[in-house]
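Take this structure first; my questions come after.
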């Protein structure tokens, strides 16, 4: 692809536009981000540390990490399976399937939580059966994991499907002709080819799993120290008028976001260095 | 795209079966539970629960503020996409990566932060309030919070198109004496119109469903700043499951219809482009 030369000297209108863009981003993104940290450290390091090391916060961290691990694992496996299907085969209903997989991205998360309540809750389809067998899903850890799987299921496939489609499947076809079975093709050819897209998809999925709030707040019951995730902990502390504590927990979530974005930056950087293809943010092409 | 592939790769049945199983269990099953629950109410009850005065005003707040947020996103999204593709300046990479922040920052974190920034004593609130601009606990705050979470949509749909646009056409137009503004309307605008609309629609859909970022800055006064997602939450909290089901069903139906309309519009414009090419 041809590279555009950027004009060395910028005119007044260009400077004005750049200034306006930077000002708007500071206004809407920069200042809120800085505020999280400045509010968390307002009363000093010691108070921050005390807030972070509270048993309830530690329990929330443990639960959040656990729920994120399980849902990222489930959605990575699902993402690879579904991407294999959607990238390699054309069949009736393919578009519909893809739209369904992307649905969790565009529906209100509260609605998702409500829908899950009508299955696993006391009023739900499976409620009486679950009660009879003493299985607790709603207002317990399994419910949190289930709803997190729902909310984060599009992320991995959205990153790897464009990569698989743009790279084609010539290598896979060649391996197949030479007698490789499906697992060998997947493990030795496809996965190495899509590794950066897969990695970034997993990071995005993880960031969302850590940060989901609306749907989780419906199904968790938010029992402190038991079913409270980090975002719910932030919410509770904020409503307790302990805003320093709320922002302290919020810094942990903000750090995950920042790390995710740094990883994206470094992947983009290394792939632009190695290939001449332009990298768009929605579909990250792995190095060829 | 249909290509003649002699050796079909293995795994079609297995991956199709597993994908359909997963989609049914995780996505379709819960959504049909909600649909069945809502339709079991009966038509009259459904209408009275889903369209009573308080619920109607929550739709008004939600749909209105999401529309305002979409307009903000459209203006700033186009501006940011433009400067990120056309100019080089210090901090450009940082600005580019910052555009993804609203997607990845947990919404509850964004929510308490925006409430702190725009509150009466906040960094920006203390300057805006004397000017008579109240953000926190007003529809303006709801709009800003929605604009925050959905800002990346317009930027990320327009940016690649601007990047790919052939600059020689513009340069030729300039050489032929076109003013920058005329060139923009005649040459660039037609190219970015449809991606900008797609981005704006996605931003609108996202704004409708936003919960975490909105509730702290909104103040949540019924009939004034109460969004529909919060009203569903309140009804669930009150164990008023029929109301929650009815309102959630309306929101689900609206997001489905908008999504389908967007896909249809997109498919139509693709076909139109192919025909005219």
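Return yes or no: is residue B:97 in contact with a helix residue (DSSP H, G or I) (Cβ under 8 Å, 6 or more places away or on another chain) and modelled with pLDDT under 95?
Yes: the conditions hold for residue B:97.
Could you grab the pairs with beta carbons closer than 7 Å, sequence gap of 6+ or different chains, first residue in the range B:209-224 and at the interface with chain A (Cβ under 9 Å from one of its Cβ atoms) and free of Cβ contacts under 8 Å to residues at least 60 places away in the same chain, second one surrounded by 24 or more Cβ atoms within 10 Å (Cβ to Cβ) and part of a loop (DSSP other than H, G, I, E, B)?
Taking only residues 6 or more apart or on different chains, the pairs are B:209/A:107; B:209/A:108.
What are the residues in the range B:79-101 that are at the interface with chain A (Cβ under 7 Å from one of its Cβ atoms), under 20 Å from the mean Cα position of the chain (by Cα) and under 21 Å from residue A:200 (Cβ atoms), if any?
B:97, B:98, B:100, B:101
Which of the following residues is crowded, with 18+ Cβ neighbours inside 10 Å and over 18 Å from the mean Cα position of the chain (by Cα): B:152, B:160?
One residue alone meets the criteria, B:160.
Mind checking which residues of the range A:105-142 are facing another protein chain (nearest Cβ under 10 Å) and either surrounded by fewer than 21 Cβ atoms within 10 Å (Cβ to Cβ) or touching a strand residue (DSSP E or B) at 6+ places or on another chain (Cβ under 6 Å) (or both)?
The answer is A:105, A:106, A:122, A:123, A:125, A:126.
For (1) more than 26 Å from residue A:74 (Cα to Cα); (2) at pLDDT 95 or above, each residue gets a yes or a no:
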residue: B:3; (1), (2): yes, no
residue: B:7; (1), (2): yes, no
residue: B:22; (1), (2): no, yes
residue: B:28; (1), (2): no, yes
residue: B:40; (1), (2): yes, no
residue: B:57; (1), (2): yes, yes
residue: B:69; (1), (2): yes, yes
residue: B:74; (1), (2): yes, yes
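Quick check, is residue B:76 out of contact with any helix residue (DSSP H, G or I) (no Cβ under 6 Å at 6 or more places or on another chain), assigned to a helix (DSSP H, G or I) and in contact (Cβ under 8 Å) with a residue 24 or more places away in the chain?
On the way: out of contact with any helix residue (DSSP H, G or I) (no Cβ under 6 Å at 6 or more places or on another chain): no; assigned to a helix (DSSP H, G or I): yes; in contact (Cβ under 8 Å) with a residue 24 or more places away in the chain: yes.
For residue B:76, the condition - out of contact with any helix residue (DSSP H, G or I) (no Cβ under 6 Å at 6 or more places or on another chain), assigned to a helix (DSSP H, G or I) and in contact (Cβ under 8 Å) with a residue 24 or more places away in the chain - is not met.
Surrounded by fewer than 21 Cβ atoms within 10 Å (Cβ to Cβ), at pLDDT 90 or above and under 25 Å from residue A:67 (Cβ atoms): which single residue out of A:223, A:189, A:258 fits that description?
Numbers: A:223 fails: at pLDDT 90 or above; A:189 fails: under 25 Å from residue A:67 (Cβ atoms).
Of A:223, A:189, A:258, the one residue that is surrounded by fewer than 21 Cβ atoms within 10 Å (Cβ to Cβ), at pLDDT 90 or above and under 25 Å from residue A:67 (Cβ atoms) is A:258.
Quick grid of which residues meet (1) within 18 Å of the chain's Cα centre (by Cα); (2) within 11 Å of chain B (Cβ to nearest Cβ); (3) modelled with pLDDT under 90:
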residue	(1), (2), (3)
A:185	no, yes, no
A:241	no, no, no
A:270	no, no, yes
A:280	no, yes, yes
A:283	yes, yes, yes
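Within the range A:156-181, restricting attention to residues that are modelled with pLDDT under 95 and under 13 Å from the mean Cα position of the chain (by Cα), which residue is surrounded by the fewest Cβ atoms within 10 Å (Cβ to Cβ)?
In this case the residue turns out to be A:158.
Only one residue in A:73, A:16, A:28, A:96 is out of contact with any helix residue (DSSP H, G or I) (no Cβ under 7 Å at 6 or more places or on another chain) and not assigned by TED's automatic domain parsing to the domain that holds residue A:219. Which one?
Going through A:73, A:16, A:28, A:96 in turn, just one is out of contact with any helix residue (DSSP H, G or I) (no Cβ under 7 Å at 6 or more places or on another chain) and not assigned by TED's automatic domain parsing to the domain that holds residue A:219: A:16.
Go through (1) out of contact with any helix residue (DSSP H, G or I) (no Cβ under 7 Å at 6 or more places or on another chain); (2) within 9 Å of chain B (Cβ to nearest Cβ) for residue A:101 and report which single condition fails.
Of the numbered conditions (1) out of contact with any helix residue (DSSP H, G or I) (no Cβ under 7 Å at 6 or more places or on another chain); (2) within 9 Å of chain B (Cβ to nearest Cβ), the odd one out for residue A:101 is (1).
Checking residue B:42 against (1) on the phi > 0 side of the Ramachandran plot; (2) within 9 Å of chain A (Cβ to nearest Cβ), which single condition isn't satisfied?
Answer for residue B:42: the failing condition is (2).
When you scan the range B:110-123, how many residues do you find that are within 7 Å of chain A (Cβ to nearest Cβ) and either within 23 Å of residue A:267 (Cα to Cα) or touching a residue at least 24 places away in the same chain (Cβ under 8 Å) (or both)? Explain how you work it out, then say what you get.
First, pick out the residues of the range B:110-123 that are within 7 Å of chain A (Cβ to nearest Cβ): B:110, B:112-114, B:116-117, B:123.
After this cut, where a residue has to be either within 23 Å of residue A:267 (Cα to Cα) or touching a residue at least 24 places away in the same chain (Cβ under 8 Å) (or both) as well, the list is B:110, B:112, B:114.
Matching residues across the range B:110-123 total 3.
The values are calculated or read from the model by the stated rules, or taken from the named source; none is laboratory data. Given the structure is predicted, the values throughout are model-derived calculations rather than measurements. Cβ atoms come from the backbone with ideal geometry, glycine included; neighbour counts cover every protein chain shown.
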